[in-house]
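Inspection log for the structure reproduced underneath, given as structure tokens.
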């Protein structure tokens, strides 16, 4: 998740796009700490620093670690968008991190 993946339509409806590689989790699997998923791809600045080397090295992560990466990316996306809106309101349209 990153700002360019937020698609805003003329009616101001927002949809998420370009989700990249996703993993369908088995609802019966309860061991969220089992290290068994290989992340594919990342966007600099939208991945927690504690997982950066592991994600870039395609090392295995647990479901909980994958959830943590997703939550971090979503939080960073919202922060980026809010900062951009604040800069527009101040008359300084600047979309930088």
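At a glance:
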{"item": "Matching residues, the range 5-32, being in contact with a strand residue (DSSP E or B) (Cβ under 8 Å, 6 or more places away or on another chain) and modelled with pLDDT of 85 or more", "result": "9"}
{"item": "Members of the range 61-94 that are outside any helix (DSSP H, G or I) and surrounded by 14 or more Cβ atoms within 10 Å (Cβ to Cβ)", "result": "61, 62"}
{"item": "Hits in the range 39-60 (condition: exposed (fewer than 12 other Cβ atoms within 10 Å of the Cβ) and either touching a strand residue (DSSP E or B) at 6+ places or on another chain (Cβ under 8 Å) or in a helix (DSSP H, G or I) (or both))", "result": "49, 50, 53"}
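The values are calculated or read from the model by the stated rules, or taken from the named source; none is laboratory data. Bear in mind the structure is a predicted one, so any value in this text is a computation, not a measurement. All Cβ positions, glycine included, derive from the backbone under ideal geometry; neighbour counts span all protein chains shown.
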